[in-house]
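**Student:** Before we start, here is the structure in question, set down as structure tokens.
The values are calculated or read from the model by the stated rules, or taken from the named source; none is laboratory data. Computed from a predicted model, the values in this text were never measured in an experiment. Because the Cβ atoms are built from the backbone with ideal geometry, glycine has one as well, and the counts that use them run over all protein chains shown. Side chains are part of the model used for accessible areas, which takes the heavy atoms of the whole protein and leaves out ligands, DNA and RNA. Shrake-Rupley method; radii C 1.70, N 1.55, O 1.52, S 1.80 Å.
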Amino acid sequence: MKKAIVIGSGIAGLACSLRLQKQGYLVTVIEKNSYPGGKLHSIQKKGYRFDMGPSLFTMPKLVTELFELFDENPDTYFKYKKKEVVCHYFWPDGSRFTSVANPKQWVSDASIFFNEKASKLERYLKKSALKYRVTAPLFIENSLHELKTYLSWKTAYALLKIPSLDIFKSLDHYNQSQFKSVKLQQFFNRFATYNGSSPYQASAVLSMIPSLEMLQGTYFPCEGMQAISQSLYHFAEEKGVQFLLEHKVTEIICEQNKATGVQIQGLNGGESSVIHADIVVSNADVYHTYKHLLPHLKTPKKITTQERSSSGLIFYWGIRKEFSELDLHNIFFSENYQREFEDIFEHQRAPEDPTIYINISSKEKATDAPQGCENWFVMINVPANSGQDWTLIREKAKEQIIKKLNKLLHTQLETLIETEEFLDPIKIEENTAAFGGALYGTSSNSTQAAFLRQSNRSKHIKNLFFCGGSAHPGGGIPLCLHSAKITANLIESQS
Ligand code: FAD
């Protein structure tokens, strides 16, 4: 029986392990943490449960198809529901907009709130869906680095359509050309943050993202976001995937430019040993893989120089009160959006006036907080770590966040926080080996970003593959699941 090793049990590592198991490999996943899931992880504290990482769930089919791959009913393992209200938006002037999942209703609400013609909004969403349909087969669902991709008619169609995809405009430039409402421009600009980029630099092709959220919908796993990784982990174990938790891969063993296994070490000074395999898949951050696991290979320049995506500073607050004006997803916009992104990407500093995102899973799953209380995940976008003073940044950000929320929610948050945890770029890197604590690998701020991202098949080492947020097609749960699928397909086609 052929053996495969997957380094890391992030969402892509879990998905890839299942796909390889299905192909008949004997699969071992090696994970340095004591828990599977990587960034998709949760903690419990004083009666509160907090999802530590992702909070927005789209395209559930990409999860359920993994159960279907083994002819199992996904419902037995993983339950989720559709959200009718997508997000509550708040602006500094006190105005509020509730974004709903019903596209017709959304257009009607948005045309009143933003004072824009309904026909313009409809056209924007239609074009957003078209952009997704055209680009997905090339940029998301297949490898960009294999000749085969370019020989398909779908790719030819995408290449033909390039002039209409607004690839060479920035997202902000495009949104300004579509709408006069500055608030609506800001609303649509925010979608660049879904892969950790700046709307003032990233291509307008990202205007395809709203169609995923607004036309296909957003979802909530009934047991919280961690249920995505937990259910896949238990399912993979059931199907025979072996997991070595609390073991770190210290080197990918290569013989004559071919991966033949990994050297591992148990945590807390455990002994080193070697596991041989026919295939090695790294789900660990690409930078970490090259720098630390392939010591004899010169790290390609693009890996060290590519701009990282944004990171996050997150407070997990147990709040001793319920806020009826908030829902699962809530955004409190900054006054000057452009300056916020200049701070993050040009000056590499935490924004002076950050946009605040609050996720409250207890709105959907009441047991996530004690009665009468709420579990707040409060996040601002910050740059990836490059040596900033994160203690100072955290203290200042906490003050700013509380001041802003107190004003807009007419409350005194400081008196309501009964428990606190936090994540910053340093902790994110410690927990998951993500270089600089970037949430989504590399940023999509340049038009070449998609082509520069690590290919799923190593160009240097035979039988070495990459999947996850820092490899093609990029970060975020849906793209990571695509990454796992592309990688598994490449492995299948070479065996
Ligand atoms: P990761 O989650 O990065 O896991 C990699 C795993 O490899 C880790 O478990 C790590 O311990 C392990 N590892 C690394 N090196 C080694 C080694 N040498 N040996 C053994 N194990 C190793 N995405 C969304 O879709 N929606 C969101 O709302 C969203 N919000 C986010 C909010 C936050 C705060 C964060 C942190 C991320 C968010 N993301 C979101 C991004 C999303 O979480 C990631 O893109 C995705 O989870 C990354 O998965 P991955 O497969 O790349 O692996």
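**Student:** What are the ³J(HN,Hα) couplings of segment 421-431, residue after residue, when phi is run through the Karplus curve with 6.51, -1.76, 1.60 and θ = phi - 60°? Round to Hz, x for glycine and proline.
**Tutor:** 10, 8, 10, 10, x, 5, 5, 4, 5, 4, 6
**Student:** When averaged across all projection directions, what area in nm² does the alpha-carbon convex hull of segment 16-165 cover?
**Tutor:** Orientation-averaged projected area of the Cα hull: 15.2 nm².
**Student:** Can I ask one more? Give me the extension gain from GLU238 to THR367: residue separation times 0.36 nm, minus the current Cα-Cα distance, reported in nm with one decimal.
**Tutor:** Using 0.36 nm per residue and subtracting the Cα-Cα distance, I get 43.7 nm.
**Student:** Could I ask something else about it? Classify segment 163-215: rounded, prolate or oblate, from the alpha-carbon gyration tensor (a ≥ b ≥ c, eigenvalue square roots; a/c under 1.5 rounded; otherwise prolate if a/b is larger than b/c)?
**Tutor:** Verdict is rounded for segment 163-215.
**Student:** Taking the radius of gyration and the Kirkwood hydrodynamic radius from Cα positions alone, what is the Rg/Rh ratio for segment 255-294, to two decimal places?
**Tutor:** Here the Rg-to-Rh quotient is 0.98.
**Student:** Using θ = phi - 60° and the Karplus relation 6.51 cos²θ - 1.76 cosθ + 1.60, list the HN-Hα couplings for segment 254-269 in order, rounded to whole Hz, with x at every Gly or Pro.
**Tutor:** 10, 10, 6, 6, 9, 6, 10, x, 9, 9, 10, 9, x, 5, 6, x
**Student:** Another question, if that's okay. Using Cα positions and a limit of under 17 Å, work out the lysines in reach of LYS2, with same-chain residues fewer than 8 apart set aside.
**Tutor:** LYS22, LYS239, LYS258, LYS462
**Student:** First select every other residue whose beta carbon is under 13 angstrom from the beta carbon of THR250; then total the charges, Lys and Arg +1, Asp and Glu -1.
**Tutor:** +1
**Student:** Using θ = phi - 60° and the Karplus form 6.51 cos²θ - 1.76 cosθ + 1.60, what ³J(HN,Hα) does each residue of segment 310-325 get, whole Hz, x for Gly and Pro?
**Tutor:** Going residue by residue, I get 5, 10, x, 10, 10, 9, 10, 10, x, 10, 7, 5, 10, 10, 5, 7 Hz, with x marking Gly and Pro.
**Student:** Please calculate the 1.4 Å probe accessible area of CYS254, with all protein chains present, and give it to the nearest 10 Å².
**Tutor:** Roughly 50 Å² of CYS254 is accessible to a 1.4 Å probe.
**Student:** While we're looking at this one, here's another question. Only bridges with both residues in the chain count here: give the DSSP antiparallel percent, nearest 5.
**Tutor:** In the chain, DSSP labels about 70 percent of beta bridges as antiparallel.
**Student:** Averaging sequence separations of C-alpha pairs under 8 Å and six or more residues apart, then dividing by the length of segment 395-490, give the relative contact order as a whole percent.
**Tutor:** Across segment 395-490, relative contact order equals 16 percent.
**Student:** With a Förster radius of 22 Å, plug the Cβ-Cβ distance of THR76 and LYS22 into 1/(1 + (r/R0)^6) and report the FRET value to the nearest 0.05.
**Tutor:** 0.80
**Student:** To continue, here is another question. Sticking with the crude label model, points 7 Å out along Cα→Cβ, report the distance from LYS462 to LYS396 in nm, one decimal please.
**Tutor:** The answer from the label model is 5.4 nm.
**Student:** Of the listed pairs LYS61/LYS83; LYS291/LYS459; LYS81/LYS365; LYS32/LYS298, which have alpha-carbon separations greater than 20 Å here?
**Tutor:** Too far apart for the 20 Å limit: LYS32/LYS298.
**Student:** How far, in nm, would the chain grow between GLU421 and LEU151 when pulled straight, counting 0.36 nm per residue and subtracting the alpha carbon separation?
**Tutor:** 92.2 nm
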